[in-house]
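Worksheet for the structure shown next.
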Amino acid sequence: MTDGGQIIEIPCDVLVVGAGLGGTAAALRAARLGRRVCLIEETGWPGGQISTQGVSALDEHRYIETFGGTGAYYELRDGIRRYYRERYALTPDAQQAPALNPGNAWVSRLSFEPRAGAAVLEAMMAGPHDSGDLQVFYHTRAVAAEVYGGRIATVLTRHLENGAFLRFRPVYVLDATDLGDLFVYTATAYAVGADARAQTGEPSAPDAADPACVQNFTFPFAVEFCPGETHTIPRPEGYEQNRDAQPYSFVYTPRGPGAPAYRMFETAPGTYGAFWTYRRALDARNFADPRVPRDVSIINWTGNDFRGGTVVDRPVDEQAARYRQGRLLSLGFLYWLQTEAPRDDGGLGYPELRPRPDVMGSADGLSQVPYVREGRRLRALATVVEQDISAAAQMGARAARFEATVGIGFYPIDLHGCGAQATTIPTKPFQIPLGALIPERTANLLAAAKNIGTTHLTNGAYRLQPVEWAVGEAAAALAVFCLRTGRAPQEVHARPDLVRRLQLLLLDQRVPLYWYDDVPLGHPAFAATQLLAVEDVWGGNEDDLHFQPDATLLLGEGKRRIADAARRIQRWQGAAAADPDAGVLRPAPEDGSLPLRRDAARTLISLAIPQAAFPEPALPEAAPADRAAAENDAVMTRAGLAIWLGAALRAAIELTRTV
């Protein structure tokens, strides 16, 4: 407020509420696309899961080092590795490791300190912030919104430390909060808890819906192991009750029959590794630096999952009470580890465990805020259900194909709660459908985090770090696209021409839309192979995720691919724009034996798609010195043909007249 009591109003193109991974990704993408962006965050750090919530061992997938994230997500990953290389003395092996993993957690290819994640995100936002495109408001919470005619006019916020109010007047609002706060303030329809099988058709859904069945939240904590020292904390309130009810245990699923017990530092039979290294943030063996004399691990285990009820749609005092109980539960687990946990060398307790508040940015070493796995879920134009992504329902290498894909992800359906046991359902590499970001009614609100249109089950696969990041980028790109075109998100979703132009914008920002594990973002054929797959001109096979970009083509396959591209170009530009039935494309006896040569490919495309251009794909190093001879003589690779066809198809889409 001003001294006169008036509330300051701040206009912006895009208001992002919540600076978790989805919100930070959204703010960055919208600002980098040249819009005026305001980002508000209740805490003092960006990053959500990887920072204030303490889940800094990234839950990714086996392809992530080469494919499966957006370009900006790889900036984040690279920035984290660079943070440690530049700020710490590393051992020679660690310094030279291209895929440096500071913590060497066995659950993650990249584990690190939460404070490092926040610092890297701050650095990524520095450029847009300094240019004036991005304003960040920390310790600020949205408290109300004005909605007129189905559009959000203003969002009122309150500073949590000084009580000052600000009123934002945005064109678009992106809800990137963990609980879906803006859905409530704007009367936007949402779902909560478990869905009934009759509603979703999901095989693993319960018979009856249960709004109270929301995934457990957790307060992870950071500890350092200090041999010969004692750092036992005071016994927390309610310790005995929590110990027995959870129960505190080295067994990941303590109520599961026959589940193996982990050991602190040793790998027990039937387990994946040691309890200590599960989500270790710093592995001292990586460092030749006196600031890292010992390991630091983050404890995020079923033992500190809070099962005492949801905070969604509960009164503020009840929420506060449950968060307090959750903190006591985690402190109790730490106390159990220090006093009663079975030691690998016999006896009970590891009093050598020292809390590390500095790592978490908190007073007690617990995460600043809880790790919230699930909140309100948008009633969206599209809802992802179990059978869209589960391995049992999808027989091919990929999950169900979404025509309006705006991103990709891959993680099992991993549910923590609402019962005593965790649930894991294998999935196939999946896509993020555009409709899952868009409300049925509110015209200028988009979901940008874990709150998209999923079910209780599929939320368990779409809530993880790289997916949340991809959702945020997609929401931002959609908002910017709508600002550029003057179209509402609901209209974009309803029109294939607008959807495809949005997808081109995403591809330009290095956002993958389709699963090819051998055509990474930096490959010359990345955008082309993605577009051809999205257009269903040249999709992947059913057996694997490969495109095989360097493989050569036979003449017959080349003809078929060119004809398929010509048909799609006719869809966009009309029958006169291409000729998929050209005589030169008709089958011939030699099609199955002769290779497709570059000069022949150029001729075939020119006759079938007269307006086609021919971007130059890189020739193999072994090509003859004579460039002209090499071009005519070389056998066409799959990547080379894809680049030519992708360029022709893109040109047709971009020339499509939008009414």
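The listed residues are Glu161, Glu122, and the only one of them that is surrounded by fewer than 18 Cβ atoms within 10 Å (Cβ to Cβ), more than 23 Å from the chain's Cα centre (by Cα) and farther than 30 Å from Thr485 by Cα turns out to be Glu161. If Glu224 meets every condition in (1) touching a helix residue (DSSP H, G or I) at 6+ places or on another chain (Cβ under 9 Å); (2) in a loop (DSSP other than H, G, I, E, B) apart from one, which number is that one? Among (1) touching a helix residue (DSSP H, G or I) at 6+ places or on another chain (Cβ under 9 Å); (2) in a loop (DSSP other than H, G, I, E, B), the lone unmet condition for Glu224 is (2). Restricting attention to region 346-379, the residues that are open to solvent by 10 Å² or more (accessible area, probe 1.4 Å), over 20 Å from Ala57 (Cα atoms) and small (Gly, Ala, Ser) add up to 3.
Count of region 418-445 residues, restricted to those that are open to solvent by 10 Å² or more (accessible area, probe 1.4 Å) and among the small types (Gly, Ala, Ser), is 4. You will find that of Asp564, Asp518, the residue that is open to solvent by less than 60 Å² (accessible area, probe 1.4 Å), closer than 20 Å to Ala651 by Cβ and either touching a residue at least 60 places away in the same chain (Cβ under 8 Å) or touching a Pro at 6+ places or on another chain (Cβ under 9 Å) (or both) is Asp564 and no other. On the basis of being farther than 24 Å from Gly303 by Cα and β-branched (Val, Ile, Thr), does Thr218 make the cut? No, not satisfied. Please specify each residue of region 326-355 satisfying the condition of being part of a loop (DSSP other than H, G, I, E, B) and among the aliphatic types (A, V, I, L, M). Within region 326-355, just Ala341 meets the criteria.
Could you look through region 235-263, keep only residues that are polar (S, T, N, Q) and open to solvent by 30 Å² or more (accessible area, probe 1.4 Å), and pick out the one that is modelled with the lowest pLDDT? Going through the qualifying residues, I end up with Thr253.
Of all residues in region 157-170, none satisfies being touching a helix residue (DSSP H, G or I) at 6+ places or on another chain (Cβ under 9 Å) and among the aliphatic types (A, V, I, L, M).
Do we have Ala528 as buried (at least 20 other Cβ atoms within 10 Å of the Cβ) and free of Cβ contacts under 8 Å to residues at least 24 places away in the same chain here? So Ala528 fails the test. Each residue in region 264-277 was checked for being under 31 Å from the mean Cα position of the chain (by Cα) and open to solvent by less than 80 Å² (accessible area, probe 1.4 Å), and 8 of them qualify. For region 534-553, a residue qualifies if it is closer than 27 Å to Ala26 by Cα and either touching a strand residue (DSSP E or B) at 6+ places or on another chain (Cβ under 9 Å) or open to solvent by 40 Å² or more (accessible area, probe 1.4 Å) (or both), and exactly one does: Val534. When Ala198 is tested against (1) in a strand (DSSP E or B); (2) surrounded by fewer than 24 Cβ atoms within 10 Å (Cβ to Cβ); (3) among the small types (Gly, Ala, Ser), exactly one condition is not met: (1). Conditions: (1) touching a residue at least 60 places away in the same chain (Cβ under 8 Å); (2) open to solvent by 40 Å² or more (accessible area, probe 1.4 Å); (3) under 30 Å from Thr140 (Cα atoms). Asp175 meets all but one. Number of the miss? With (1) touching a residue at least 60 places away in the same chain (Cβ under 8 Å); (2) open to solvent by 40 Å² or more (accessible area, probe 1.4 Å); (3) under 30 Å from Thr140 (Cα atoms) applied to Asp175, the lone miss is (2). From the list Arg324, Arg343, Arg280, Arg314, the one residue that fits, being surrounded by fewer than 22 Cβ atoms within 10 Å (Cβ to Cβ) and in contact (Cβ under 8 Å) with a residue 24 or more places away in the chain, is Arg343.
The lone criterion from (1) hydroxyl-bearing (Ser, Thr, Tyr); (2) over 19 Å from the mean Cα position of the chain (by Cα); (3) open to solvent by less than 10 Å² (accessible area, probe 1.4 Å) left unmet by Ser56 is number (2). Against the criterion of being touching a helix residue (DSSP H, G or I) at 6+ places or on another chain (Cβ under 6 Å) and either of a type in the set (Ser, Thr, Tyr) or open to solvent by less than 10 Å² (accessible area, probe 1.4 Å) (or both), Thr232 qualifies.
Among the residues making up region 35-53, those that are aliphatic (A, V, I, L, M) and either outside any helix (DSSP H, G or I) or open to solvent by 10 Å² or more (accessible area, probe 1.4 Å) (or both) are Val37, Leu39, Ile40.
The values are calculated or read from the model by the stated rules, or taken from the named source; none is laboratory data. Only a predicted model underlies this, so the values are computations on that prediction, with no experimental measurement involved. So basically every Cβ, Gly included, is an ideal-geometry build from the backbone, and we count neighbours across all protein chains shown. Accessible surface is based on the protein model in full, side chains and every heavy atom, while ligands, DNA and RNA are left aside. Shrake-Rupley method; radii C 1.70, N 1.55, O 1.52, S 1.80 Å.
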